[in-house]
Structure formats: C-alpha cells, structure tokens
Amino acid sequence: MNWSKKKYKKIYYLFLFTILISLVLKEIVVQYNINQQKTDAELINLTGRQRMLSQRLSKIVLFLKLKDIQKLPVNYNIDTLKSLTLEWNSTYKDLIDNSKFYGNDKIKALYKKNSIYHHNIINGCNTYLANSTQENLTKLMDIVSENELKFLFSMEKIVFNYQKNAEEKVERLRKIEYFLFFFTLLLFIGELTIIVYPTISDILIKNDTLKQLNDDLIASESEIKKSNEFLSKLKEELEIKERLNRNFVQQAPLALAMFDENLNYLAASDKWIEDYNLVGKEIIGVNHYDLFPEIGDDWKKIHQECLAGAINSCDEAEFIRDNGDRQWISWDVRPWYKTTNEIGGLLMFTEDITLLKIKDAEKNRIEEILNKASEVARIGTWEVDLVNDKIYWSKVTKEIHEVDEDYEPILESAINFFHEGESRDKIQYVFKEAIENGIPYDVEVQLKTHKGNLIWARAIGQAKLMGGKCVGVYGVFQDINKIKTIEIALKQVNSELKAIFDASPISIIGTSLDGKITHFNKGAEKMLQYSAHEVINKLTPVTIHEKSEILNRQKELSAFYQKEISGFDVFVEAAKNNHTELRRWTYIKKDGTALPVELVVTAIKDENNHITGFLGLATDISERLINEQRILEANENLKVLTDKLTIQNKQLASFAHITSHNLRSPVGNLNALLSFYKMEESAEEKELLMDKFEIVINHLTSTLNTLVDTLKIKESTDTEIEKLSFVQIYDKTIEILVGQIMQSEAVINCDFSKAPDILYNKTYLESIFINLLTNAIKYRDDKRKPEIFVETAYVNNRVVLKVIDNGLGIDLEKHGDKLFGLNKTFHRNSDAKGVGLYLTKIQIEAMGGKIYAQSQVNKGTTFVVEF
C-alpha cells in the first residue's frame, strides 16, 4: 500500500510538471508567432512604401517632362529625383535581404522577376542623373512607362503573398493553441484519473476478488458444467450468426465489404468484387491496403477515424477518370461492433450513381423545357388560398395581366381584372360553383389588364378539397387573345365569304372527281359569257383556261410530285394533297377574249373525309393589275422622295447635335482654364494661361463661324469634302482640349504615318476627333495615368482610324447594343450626356463609313472608325 502511494505521488508530480511545461511552451509559441506577425507587418508596410516610392518617382519623371514641354512651374527637380532614387533603391535592397529570411519560394521568385523592372528604372534614372539631357529624359519616361505598371503589379502580388503567409501563420498559431489546450486538458484529466480512480479500483477489485472467491466456493460443479455448456452453445450461435452476416454481406446486391480492426477482409459482396475487379481472387483475410496499395493517406486517416467510432459518408462526389469520363460515387464507411462498446472492424459501402445523376440532369432539363414551353405557350398558373385569403400568380400569369413581377394580387380586388359584364359574371358564377360544389371549370373570358388593354384568356380552375371542404382553388390562365381574335375574325370572314358566294362578281365553279362541271354560279355566267346549261355536265375547266398556262403548270407539278400530271389534275392536284393553292390564271371567254383571274381550288369532302368533288373560286383581277402597276410606279416615286427627305432629316439632326455638342467641349475647356487661372498666384503663369484662353477662344470662334457657314449651305444631299491632314486635325483637337489634358494628366501619342490624310468633311472629322478624345479622357481610370494612342492605317483600301485608351472600359456583352445610342451612358460620370458617340456614329455613317468598339472592363477601350 505504501508502495502504491509513493507510485501515485511520483505520477502526480510528473503530471504537474508536464502541465507547467506545456503552459510555458504555449507562451513561448505564442510570443514567437507574435514576433513573426510583427515582422510580417513591417515587411508589408515596407513593401507598400516601395510601391508608393515607385509612384512618386514616376510622378517626378512625368512632371520633369511636363516642365520641359509646357514650361510649367513644378516644385520637383533633379535633386528630388536623385534623393528619391537612392531611397527607393535602398528600400528595395532591404526587401530583397529580408525575403531571404522571411520569404517563401514564390516571394523570392517574384522578387527575382521584379528586380528586372527595378533594375531598368534605376539604370534609367542614373543615366538621366548623370547626363540630364532631353533625350535621356525621354528615354527615362519610356522606361518608367514600360516598367512601372509591371513593377507595381508584381509588388502587389508580393504584398498579397506576405499577407497570405501572415494569415497562414495566424491559422497555424490557432491550431497550436488548440492542440496545447486540449493536451493540457487531457493531462489534467489523466492526473485525476490516475490518482483517484486507481485507489477506488483497487478497493473494488479486492472486494470483487473476495466475492468471487466466495462464489467459487459456493458454486457447484454442476453449475460450472452448465456454464460451460452455455458458453459452447453461445459460441455455436455466434459462429452461425457470423456465417449469416458473411452470407448477408456476400449476397448483398450492393458493393459492400466487412473488415476487421486491421482492415483485413472478413466478407465482401459479389457486387464489391465485381466493381473493384477482384473476381477470381481470394480476398478473405487479405489486407485491404495490400490489395489496393494506391490508397492514399487521406483515406487511411478516414479509416482510422471510423475505427475510433466515426462515420464517414458522402451522398455524391464527382470523380474525373484518367480517360476523361465523369463518374459520380456515394459511399458510407462506419464501424461494426462486437459488443456494445467494442469495435470489431469496418463496414464499407460504395455505389456508382452516375446513371442517377444523368437521369436527374435529364429531369432538370425536361423541367426547364416545360417551363420554357409554358412561357412560349403563354400558360400561367394561379392558386387561391381560401384559408389565408391569399392569391398566388406565376410569372406568366403576371405577364398576362400586364403587372410587374413583384406585384402581389389581393383577393378582394382580383375580380376587377375581369372585364365588367359577361366575363365578370361568368367567372364569378363558375368560381362559386367550384367552391360550393367542387365543380371544375374551363371558360373563355375577357381580361382588362393593369395597363388597360382588353385581352382574351382561357381560365381553368379546380377546387382543392380537404376533409370534404374547399380550402382553395387552383388552375391555369392561358393567353388566347391571338387565337380568339383570329376566331372572331374567322367568323366575320365566314359571314363575308357567304356574302361573296352569293355575290355575282365571284365565279364559283364546282366539278366532279372526273372534272365535269357540276355547278356554275351567276358570277361565272357573267364572267365567262357561258350559261350554266351550256357547261354543266358538258365541259371541264380545261376548256375555259389558256392552253399555254396549263402546259407550263403541268411541267411544274410533274417535276414537283415526281409523276405525270396533266389535264384536269393540273388544277386539283394540290387540293388532293390537302393544300389550298391561290394562283393567277387566264380565263378564255366564250367570245375568245382573255380575262386575268385569281383562282383558288379546294377539295369538297364528306363526313368520312373522302373527296367528293372540287370547288374553284375566281375573281376578276383586271382592274387590280392595272392598279398594282400604278402603285408600283407611285411607290418608286415615293421611295425616291423618302430617301431625299431622310438624308435631309439626318443632316438637320446632325447639324443640331454638332451645334450643341461641339460647343460644349471648348466651353468646358474655358471653365477648366479659368479654374487653373484662379488657383495660380504667379503672374507669369496667369499670363501663360491667358495665352491658352486665347487659343481656345479662337477655336471656339472658328467653330461658330463654321456652323454659321454651314447654315448658309443650300439644301442638298451632298456633303462638302476636301483633302484633310490628320496631323493638323489632331493638333487642333489637342489645343482645344488642353485644359482637360492638363487636368487629367493624360499622355496622348499619335502615329499617322501609314495614312497621313483623307478626303472628308472637315466639320465632321473635327467633331469625330473631339468626341473620341474627350470620351477617352472623360472615362479614364483614376487608379492609373490616362494613356491615349491615336493612329491611322489603310485596311482593305479604306482609311481606318483607331483611338486606344487604358480607361475604365465597357461591358460590351451588357451594353454593346446601346453603346452608340442617343443619351446612353454607362458610367457614373456627371459630365456624361450620351450624345458624343451617337453624334459620331451618325456623322460617320452619313459619310458611308462605320464605327465599332473593342473593350475590356478595367483594361481600356479601342474605337475603330472605317472611313
């Protein structure tokens, strides 16, 4: 007993010491990770400063360039550039050194790549600082333009990777803390268990031992024998049960396998053996991992978790096989128990559900087709909930009633959609019958939609009964307005047709199957000069038709039906094939004169749908042919006049837009220059701005003079053209937009070497340049400096102008069809009016050209003009 106490005391001190060590270790780990995060934060800040320094360096280079070109007073100078270059280079070297200790392979690779851009910019700066010439400044500007964005983009990736590393370290710290916490907790529980539980267990064990000894002394030999017999019987039952379990597994229709705790096979179904290509192999007692050595550690971990009592299952998971096939699998892995608390091994179940997924996808496809069919057929569903006094309308039902998609119908007012009078009374009656007597209905009614339109609809309703009581009504609405309108029109046509049949100007001739005339109305007598007595049962329609027309039609039909057709069949072959043919023929009157007619032949059928004869209806179209010729001549004259008026209207509209739009840019530039003038304190700079005022005002005066001269042009469909230089138009546009260019710090370059000039209207070309360059500046991306490039070239013998920018870009899939629309804007820009591109398109198309755009959001836009 004393020995046990000493033992437990030592164990107690051991556990206490272990817990203290774990707490100290936790504190050390936490402090280490805090230091790591602090270092990461410093690196991220240093990297962000490096990006800021690169942008400042680029800005100094730009201002040095502007100072040289535009003589602008700028506080930046070469000394500033030199000090910033040294600081930027020193900071970058520190980052490189730190990356060797704190960066991963990806960060080191990014630094290696980024060092090229950094090296290029540093060399450019050093070259310019060593020899500050205009040529070296231009080269430095090009180097910065080419490498800065790449450098910033790469640095942004480096910052992202530092942040990602920091997040991974925080996550790792969290896991370590959890591990140390649970480890300490387990140690504490173990300490209590080892100290308290063993003492109690010793006492209980000794008591049980004494009791057992007493029971053994009392127990008789017969009882021992009975126990042995019982154990033998139990063993036999267990063996039988085990065999039954194995037979159950083996004969299961699914892929099922049973394993012991070491993953050795105890049983497997035939489906399992078939699915995993184990046919003919002895697998009982063989280890699962030996049969499938490719099983990965992730699955082995799952197996161990399941042996510890977990259940791992998945209803569906997609696998891409080596041959590219897609396979869907479901599985269930769980332990089986020898006793209530003793795990004997694992049960694994798998199933290939690829066919089910294919059927499910097919079902979804069919449902989608049905929904689309419902929309096409204009059939919508509805339901009235009488318990909660609510109405549900589907999307198509709302479309039929011409209400918004978010419209919620109200039970009390829904009746008002039915046209007052017969339709409203009818629906009230059948709805009441459905509720009170459960009688379904199918009626045609007129609806007065939310927009006030009268339409015909088919309403079908069915009572929803619960416990013999109607709790609601559901059904469908079908838009039959077109069908009903046609039906009404057909009734009217039938009435009119009856009147036509009875009217004498219409020739109606009936024949038998062999072609003999059996009916000859008054209209036919008047039209052909024959009496009915002269033709009925004596002549055929062949007699009263132009022979050459019969021969021509005979050839056409014979070729079409691939058989010989002649004589009377020429007129009725289409009717025999259930076709109604309306065709122009020439009747020959009794006196031999010709009469142009329009003839339609239909088959007369009995109640069994058998043809019993034919009916031909002909109308005299002599006067119509004369009128048609007159209409054709009048239409031709009207088309010429319409084209002339259309051109004149386009010119008037174009002039109005040019007047309003082309004056806006100079006025806007005056406002911009005025803003600069107010901000400047230097008299020299104000004088410089006044010069620019004079240039813009001169251009404004020139524009006004041009517009006034345009008003004096006589009415004409021709547009005055002249040979124009792209360089001159471009320079004039730059001078007009100088205020916007300075304000936006835009960099604009051009290349007109491939197509230096063009024959075009000067006013239009100036307007096109102003609109496209203003558009490029207006929709710039504030995250980067605006860069615009203008170029011309010959493509397929046509002059093509391109204006390329790096601005916000346009989502062409969403706005492409509205890009050149009047008053259409696609960005939140207060200056956007939606006129410039519309005006440009009208002007270009008026000159026989076209314009289109190529764009990517957040990357830029290219406008292409084909003159």
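The values are calculated or read from the model by the stated rules, or taken from the named source; none is laboratory data. All of these numbers come straight from a predicted model, not from anything done at the bench. So basically every Cβ, Gly included, is an ideal-geometry build from the backbone, and we count neighbours across all protein chains shown. Each accessible area value is taken on the protein alone, full model and side chains, heavy atoms only, with ligands, DNA and RNA left out. Shrake-Rupley method; radii C 1.70, N 1.55, O 1.52, S 1.80 Å.
Quick rundown of the values:
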quantity	calculated
Pairs with Cβ under 9 Å, 6+ apart, first in the range 395-424 and closer than 20 Å to E444 by Cα, second of a type in the set (V, I, T) and assigned to a helix (DSSP H, G or I)	I415/I427; F418/I427; R424/I415
Single condition Q743 does not satisfy, out of (1) in a helix (DSSP H, G or I); (2) surrounded by 14 or more Cβ atoms within 10 Å (Cβ to Cβ); (3) out of contact with any helix residue (DSSP H, G or I) (no Cβ under 6 Å at 6 or more places or on another chain); (4) at pLDDT 75 or above	(3)
From the options K547, K563, K522, K555, residue that is out of contact with any helix residue (DSSP H, G or I) (no Cβ under 7 Å at 6 or more places or on another chain), under 19 Å from F614 (Cα atoms) and open to solvent by 50 Å² or more (accessible area, probe 1.4 Å)	K522
The range 589-614, residues that are among the hydrophobic types (A, V, I, L, M, F, W, C) and either over 57 Å from the mean Cα position of the chain (by Cα) or open to solvent by less than 40 Å² (accessible area, probe 1.4 Å) (or both)	A594, L595, V597, L599, V600, V601, A603, F614
Some residue of the range 96-104 being at pLDDT below 70, crowded, with 16+ Cβ neighbours inside 10 Å and outside any helix (DSSP H, G or I)	yes
Residue match in the range 718-732 (condition: of a type in the set (K, R), open to solvent by 20 Å² or more (accessible area, probe 1.4 Å) and in contact (Cβ under 8 Å) with a residue 40 or more places away in the chain)	no
Selection status of I439, within 36 Å of the chain's Cα centre (by Cα) and either surrounded by fewer than 15 Cβ atoms within 10 Å (Cβ to Cβ) or small (G, A, S) (or both)	no
Selected residue [modelled with pLDDT of 90 or more and either of a type in the set (S, T, N, Q) or in a helix (DSSP H, G or I) (or both)] from I734, I748, I788	I734
Test: A434 is of a type outside the set (K, R), open to solvent by less than 30 Å² (accessible area, probe 1.4 Å) and part of a helix (DSSP H, G or I)	yes
Long-range neighbours under 9 Å by Cβ, at least six apart or interchain, first residue free of Cβ contacts under 8 Å to residues at least 24 places away in the same chain and more than 17 Å from I143 (Cα to Cα) within the range 41-65, second crowded, with 17+ Cβ neighbours inside 10 Å and not hydrophobic (A, V, I, L, M, F, W, C)	E42/N98
The one condition in (1) open to solvent by less than 40 Å² (accessible area, probe 1.4 Å); (2) assigned to a loop (DSSP other than H, G, I, E, B) that L256 fails to fulfil	(2)
